[in-house]
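Have a look at the structure below before the remarks.
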Amino acid sequence: MARKITIQHQLGFTLLAWFLGLLMFFPIFWMILTSFKTEIDAIASPPLVVFSVTLENYIEVLSRSNYLKFFSNSVIIAGGSTLLALVVAIPSAWAMAFSPTRHTKNVLMWMLSTKMMPPVGVLVPIYLSLKYMGLLDTRFGLTIIMMLINLPIIIWMLYTYFKEIPSEILEASRMDGAKLWQEIIFVLLPMALPGIASTMLLNIILAWNEAFWTLNLTAANAATLTAFIASYSSPEGLFWAKLSAASTMAIAPILILGWFSQKQLVTGLTFGAVK
Amino acid sequence: MATTQTKTLSRIMNLPAIVLLFIWMIVPLTMTIYYSFQRYNLLNPSRRGFNGWFNYEFFITDPAFFAAIGNTLLLVTGVLAITIIGGVLLGLLLNQAILGRGIVRILFISPFFIMPTVSALIWKNMLMNPIYGIFAHISEFFGVPPTDFFAVIPLLSIVIIVAWQWLPFATLILLTALQSLDQEQQEAADMDGAGIFSKFYYITLPHMSRAITVVILIETIFLLSIFAEILVTTNGGPGTASTNLTYMVYNRALLQYDIGGASAGGVIAVILANIVAIFLIRSVGKNLEA
């Protein structure tokens, strides 16, 4: 009797969860569907669920409008900023995890606090500085900015992962006469590889989707996909099917990366406070 | 001796990160404070000089300022209310034995990975458009005249879009917290004859309180700086109906070229965010000791 109720409950919960999940996903689904419609079908009334599938939007977006340039800007800026940040963050996290001083905790907290600063608080000087240095609307300028924005999160995540590695192993390698760079590259990094991988993944996702600085510091040259999609907001840009095709291609890589990293995401986004 | 050497070495290893973050935050912030006391407009750059508190006075007495503060608070609290309540309920639901839970999780988490400009445009064009949008078709089906969302309820529309983006985050964090709930404690409560609601109130909710605090604080930090969603949907309008503090400063700086005024707004935004940050640092700091 009790068992029967449990099965009914399970069925009820399953149906409810699937219904709500599909509802949450619907806007994305609808966008993907629209990307395969003609522009006329896209605004048909009532909305079409059955329609003749076309790839013309993808072909047109790819052949026109410098789409590939914006795409490669996104890849270079997200990837480049992540790698640069790792180069700075790995030594820093190593130092704080394996030879902490009495200031380490305060330093970590201070790093975290820089992340709390609202970007508008430094918008003016950053904009003017980049302008005077000729770095406004350049990929290099934006890569550096993006690296600095996410550096605190990267150091925190790496620190959390490094803390779980027993320091005896590092000491043993030191006893065996390993130099510091050998200790880091051959002993620490292989052990911390899963942690480093998920740190990279989270940072790529954050950098790819970043909108405040990319919208304010780029124009035609270094614009990423975030900024490119924003240009569709103008009234004359009412090409829904093409917008959908461009958007689908812009979100697809990150959506897939995100699905794989959802577990590590929790630790990363809460600075290790929720595990 | 080896330890002294390691200590020195570790300081050196930590230096690049500290120097970079110092340059990134302290230097620009000092510049913002300096500019906020200057008369400085890029359209008339020769007319510069110390301006006293004028920029602050001008920024604060602007009618848009109180609208912006109000909108910022409404945006933050509205999204927080939806995502926390929704996140707790969805977390409880997803913690049940559900068939195909992995896929359902993916469906729920997906909106979080969509770039802000894309999600704002999906909602603006395909869902909320008063002629072609899905919502317009649904209301027509029920014989209700369609709503022009961004003209009639601009701020609420933005709250809905942003809540859609952040509900997955809250759900994921709260679900993770729920999964570490002690089963034996639950069973003991069952034995003592506790009902579903008293179990939720006395066991589950206290267990989640820490995660809820973390979600509130992290979301607040991000929500104070909402920008792209406003830029591509309403441009802060109609009037100032959906202008938040971030958008107002952007408007001053990059559309009106008023460097002094924008800097004063930036300083005010920093002060607001710091009030929140103090609480966040405290609650994360506790975890560091544990």
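The values are calculated or read from the model by the stated rules, or taken from the named source; none is laboratory data. Values in this document were obtained by computation on a predicted structure and should not be read as measured data. No Cβ is skipped: glycine too gets one built from the backbone with ideal geometry, and neighbour counts run over all protein chains shown. Surface accessibility is based on the protein's heavy atoms, side chains included, excluding ligands, DNA and RNA. Shrake-Rupley method; radii C 1.70, N 1.55, O 1.52, S 1.80 Å.
For this structure, a couple of remarks:
- Counting only whole DSSP H helices of chain B, the ones at least 30 Å long by C-alpha along their axis and with mean Kyte-Doolittle hydropathy no lower than -1.0 are B:2-36, B:63-94, B:154-179, B:259-289.
- Surface composition of segment A:2-57: carbon plus sulfur atoms contribute 77% of the solvent-accessible area (1.4 Å probe, protein chains only, all chains present).
- Subset of A:LYS242/A:LYS263; A:LYS131/B:LYS124; A:LYS37/A:LYS69; A:LYS105/A:LYS163; A:LYS69/A:LYS242; A:LYS115/A:LYS179 violating a 23 Å alpha-carbon distance limit: A:LYS242/A:LYS263; A:LYS131/B:LYS124; A:LYS37/A:LYS69; A:LYS115/A:LYS179
- Checking every one of the GluC sites (Glu not before Pro) in segment A:141-206 against DSSP loop status and a limit of 16 other Cβ atoms within 10 Å picks out A:GLU164.
- Inter-part distance, segment B:150-174 to segment B:191-231, computed on C-alpha centroids, equals 16 Å.
- Cα gyration tensor shape for chain B, rounded if a/c is under 1.5, else prolate or oblate: oblate
- B:LEU43 contributes about 130 Å² of solvent-accessible surface, heavy atoms of the protein only, 1.4 Å probe.
- Averaging Cα coordinates gives a centre for segment B:77-138 and one for segment A:117-195; these two points are 33 Å apart.
- The 3J(HN,Hα) values that the Karplus relation (6.51, -1.76, 1.60; θ = phi - 60°) gives for segment A:187-201 are, in residue order, 10, 6, 4, x, 6, 8, 4, x, x, 5, 4, 6, 4, 4, 4 Hz. Gly and Pro appear as x.
- On Cα atoms only, tilt of A:67-98 relative to the major axis of chain A in degrees: 20
- Spatial separation of Cα centroids for segment B:249-263 and segment A:58-87, in angstrom: 30
- For chain A: rounded, prolate or oblate by the Cα gyration tensor [a/c cutoff 1.5]: oblate
- Between B:ASN51 and B:GLN38, B:ARG39, the built amide H atoms are under 5 Å apart, and every one of these is 5 or more places off in sequence or on another chain.
- Sorting B:113-126, B:144-157, B:165-178, B:189-202 by their mean Cβ neighbour count within 10 Å, with the most densely packed peptide first, gives B:113-126, B:165-178, B:144-157, B:189-202.
- The listed residues B:TYR247, A:TYR161, once ranked by accessible area (1.4 Å probe) with the largest placed first, stand as A:TYR161, B:TYR247.
- Length available on full extension from B:HIS207 to B:ASP190: 0.36 nm per residue minus the Cα-Cα distance, which gives 4.4 nm.
- Rounded to the nearest 100, the interface formed by chains A and B buries 8800 square angstrom of accessible surface, both chains summed, with a 1.4 Å probe.
- Loop-located trypsin sites (Lys or Arg not before Pro) in segment A:95-166, at most 10 other Cβ atoms within 10 Å (DSSP): A:ARG102
- Dimensions of segment A:2-57 based on its C-alpha atoms, expressed as ranges along the principal axes with the largest first, amount to 56, 18, 15 Å.
- Solvent-accessible surface of protein heavy atoms, probed at 1.4 angstrom with all chains present, puts A:PHE162, A:PHE25 in the order A:PHE25, A:PHE162, largest first.
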